[in-house]
Amino acid sequence: MFESLSDKLKKTLRDLRGLGKLTPEHVDAALREIRMALLEADVNYKVAKEFVESVRAKAEGQEVWQGLNPHEQVVKIVYDELVSLMGGTSSRLVFTKQIPNVVMIVGLQGSGKTTSTGKISRWLRDNQERKPLLVSVDVYRPAAREQLRVVGGAVGVPVYENKETSDPMTLVRGAMKHAQDLGFDTLMIDTAGRLHIDDELMVELEQIKAETKPIEVLFVADAMTGQDAVNSAQTFHERVGITGVVLTKMDGDARGGAALSIRQVIGQPVKFVGVGEKYDAIEPFYPDRIAQRILGMGDVLTLIEEVQGKIDEQEAQAQLLKMSRNQFTLEDFRAQLRQFKQLGSMSKLMKMLPEQMTGGLSLSEEQSAQVDQQMRRTEAIIDSMTKAERNDHRIIDASRKTRIAGGSGSTIAEVNQLLRQYDQMRKMMAQMNKGGLFAGLGKKMLGGLSGGLGGMLGSGGLGGLGGMLGSGMDDDGPEQPASRSIKKKKRHKKRK
């Protein structure tokens, strides 16, 4: 998400940092680069022009080239303008006391309306304590209503069906009454789409809106179509009056032009973004967090929410306590591997951490896939150990290593590497504990998970984690920073 734009903006702003003193000419050159980066990211050309002019006006107004930290001032101005460009604040769905509150989902065919209907209903149930009911009024596309029934079953949300009619208005009236009778407070209407915008489609949507009086009309758009998504949203808004936008496939959109343009062009905010194929892969759209990601500041708040939602807090705190006492076993490490996998790919997690914490390190999708594969291989090796071996790695001798390698489909060298890196990680955690990092970083930032896997990310790039998972190292592998510092201390003592 936003990879190409993020890389270009970060490079431009880094170039400013290297200048001892900024001049208006320096700022002009940087703004030309920023404008080009926005256009290459498929941002609407008027939006790009207005963005650059606004940054220029604020830079001149604050006379950044006369300040003590001109680079930081420029970064702050660009950040504020990005947040403003995308809507300023997050726009949540606001419900009333009426039963039911209706949410219409509209958009072109193939944009992901039906899947988004299910994802949003699940999110509302889990995060806003709503009781949603789904209904499909797409009577034209073959098996469209059956598709929503499958999606509803997958997310655990009931679907209203009436197989005796193919009239959209009859379906919505029946769904409204069903919701009122059974106490569903939210009715999600999955409307019909077309391959292109036509008058017949718009008339039907206008009729459904007049009948149901929805509190929200959400337009679903494929983010990867860029400005086509913005143009379609504008047409729907002019005819139907949308209240917000849902951008799907944001995880596959390296440019991000639609997300950056849509608020300025149609005046309505992006409310949700789809970030994967799984039914929990949808997020509220937070302009400030997105701006932080784009500028390499990370998105720690979203990462914390991911951890809190998917990681067992009691188990994480118990593991944190073991780490602080240097009692962290391979059994515990396997448990953390399994928890860690719930958070998504490594590249996704790296993007949520500030550059200062990752050392500027980023992973391509290919590299991320390799790390994820190595995690599975590591888990397989630990699975092949007995419980006694997982709880005390010191008993693993040559014959046990041969058995473990055979059972996991790996080599003895890989088993040796895992054990060596695990031992180095224990030493690193002992060093972290002496410095008090478990008390601060672990509990406050990632709720315990950071102590082991997450903590290795947070306190030294891929540090211990990269070592534990192999990261393409040979059998000897480079020593980890903590291991090197320990050896230096030993050498220092010998000299004395």
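The values are calculated or read from the model by the stated rules, or taken from the named source; none is laboratory data. As the structure is a computational prediction, the values presented were derived from the model and not from experiment. Neighbour counts are summed over all protein chains in view; Cβ atoms, including those assigned to glycine, are modelled from backbone coordinates with ideal geometry.
Below is a table of values for the structure above.
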{"item": "Matching residues in the stretch 214-248 - criterion: being within 18 Å of Tyr286 (Cα to Cα) and not in a strand (DSSP E or B)", "result": "Ala223, Thr243"}
{"item": "Residue in the stretch 190-213 that is assigned to a strand (DSSP E or B) and within 14 Å of Pro168 (Cβ to Cβ) present", "result": "yes"}
{"item": "Residue ID - nearest to the chain's Cα centre (by Cα), chosen from residues in the stretch 365-384 that are surrounded by 20 or more Cβ atoms within 10 Å (Cβ to Cβ) and at pLDDT below 90", "result": "Val371"}
{"item": "Matching entry among Val245, Val203 (being β-branched (Val, Ile, Thr) and in contact (Cβ under 8 Å) with a residue 24 or more places away in the chain)", "result": "Val245"}
{"item": "From Gly226, Gly152, residue being touching a Gly at 6+ places or on another chain (Cβ under 7 Å) and more than 22 Å from Ile266 (Cα to Cα)", "result": "Gly152"}
{"item": "The stretch 385-426 - residue that is surrounded by 18 or more Cβ atoms within 10 Å (Cβ to Cβ) and outside any helix (DSSP H, G or I) and, of those, farthest from the chain's Cα centre (by Cα)", "result": "Ile396"}
{"item": "Tally of residues being assigned to a loop (DSSP other than H, G, I, E, B), out of contact with any strand residue (DSSP E or B) (no Cβ under 8 Å at 6 or more places or on another chain) and buried (at least 17 other Cβ atoms within 10 Å of the Cβ) across the stretch 256-278", "result": "2"}
{"item": "Among residues of the stretch 150-176, those that are closer than 15 Å to Ala192 by Cα and touching a strand residue (DSSP E or B) at 6+ places or on another chain (Cβ under 7 Å), counted", "result": "2"}
{"item": "Counted residues, the stretch 279-293 - those being assigned to a helix (DSSP H, G or I) and among the acidic types (Asp, Glu)", "result": "1"}
{"item": "Residue that is modelled with the highest pLDDT [pool: residues in the stretch 203-255 that are surrounded by 18 or more Cβ atoms within 10 Å (Cβ to Cβ) and of a type in the set (Lys, Arg)]", "result": "Lys209"}
{"item": "Every pair of residues 6+ apart whose Cβ atoms lie under 8 Å, when the first sits in the stretch 272-296 and is without any contact (Cβ under 8 Å) to a residue 60 or more places away in the chain and over 26 Å from Gly156 (Cβ atoms) while the second is of a type in the set (Phe, Trp, Tyr) and surrounded by 19 or more Cβ atoms within 10 Å (Cβ to Cβ)", "result": "none"}
